[in-house]
Structure formats: structure tokens, C-alpha cells
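S.K.: The following block contains the structure, expressed as C-alpha cells.
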Amino acid sequence: MLIYRYPASEKRIMFDIVVGGSIGLGMGAYWWYGLHMPKVEKKDAFYAELKAKKHLEDN
């Protein structure tokens, strides 16, 4: 029975792709949920407050 074994270079390529993808996804999630979303929520809260003030002034 013949068993095909991956050469070391193919294993290294797969390792690099998996590790690179994992680090990229992890850092992307950190940026999105750790840095981007808090800024967006702060901005949205500011504009919601501004809209409420304007609505009260108009009435």
C-alpha cells in the first residue's frame, strides 16, 4: 500500500496560511469590536441626543 506524504514545504505552506488567517481574523475582530464599534456607538449616541434636542426645540 502506497501512502502519500506531504513534503515539508507543503506542510509549511498550510501552516503559514492557517496561522496567518487566524491572526488576521483575530486582529480584525479586535479592531472591529474593540476600536471601531465603541466609536460608532459614541457617535450614534451624540447624534441621537442632538436629534432629541432639536425635536424638543421644534415643539
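Nothing in this text is a laboratory measurement; each read-out follows from the coordinates by a stated rule. Being a predicted model, the structure only gives us computed values, none of them experimental. Neighbour counts run over all protein chains shown; Cβ positions are idealised from the backbone, glycine included.
S.K.: Output ³J(HN,Hα) for segment 41-46: one whole-Hz value per residue in order, computed from phi by the Karplus curve 6.51 cos²θ - 1.76 cosθ + 1.60 with θ = phi - 60°, and x for Gly and Pro.
M.R.: Once rounded to whole Hz, the list reads 5, 5, 5, 5, 5, 4.
S.K.: If the only charges are +1 at each Lys and Arg Cβ and -1 at each Asp and Glu Cβ, what is the size of the charge dipole of the chain around the Cα centre, to the nearest 20 debye?
M.R.: Numbers: 9 positive and 7 negative charges, 40 e Å.
Dipole of the chain, to the nearest 20 debye: 200 debye.
S.K.: Could you work out how far helix 8-30 tilts from the main Cα principal axis of the chain, as a 0 to 90 degree angle to the nearest 10?
M.R.: Helix 8-30 and the main axis of the chain meet at about 10 degrees.
S.K.: Which of Gly34, Ala45, Tyr4 sits closest to the plus end of the dipole of the chain, meaning its Cα is farthest towards the positive end, when Lys and Arg get +1 and Asp and Glu get -1 on the C-beta?
M.R.: Tyr4
S.K.: What number, rounded to the nearest 500 deg cm²/dmol, is the helix-based mean residue ellipticity at 222 nm of the chain, given -39500 (n - 2.57) per DSSP H run of at least four residues and division by all its residues?
M.R.: Working: 2 runs with 45 residues, N = 59.
Rounded to the nearest 500, it is -26500 deg cm²/dmol.
S.K.: Treat segment 15-59 as a sphere of radius equal to its Kirkwood radius over Cα pairs and apply Stokes-Einstein at 37 °C in a medium of 0.692 mPa s; give the translational diffusion coefficient in µm²/s, rounded to a whole number. Mind dumping the intermediate values first?
M.R.: Numbers: Rh = 13.0 Å.
The calculation lands on 252 µm²/s.
S.K.: Still on this structure, please answer the following. Check the chain and count each lysine pair with an alpha-carbon distance under 29 angstrom, considering only pairs eight or more places apart or from different chains.
M.R.: Taking the Cα cut-off of 29 Å, the pair count is 9.
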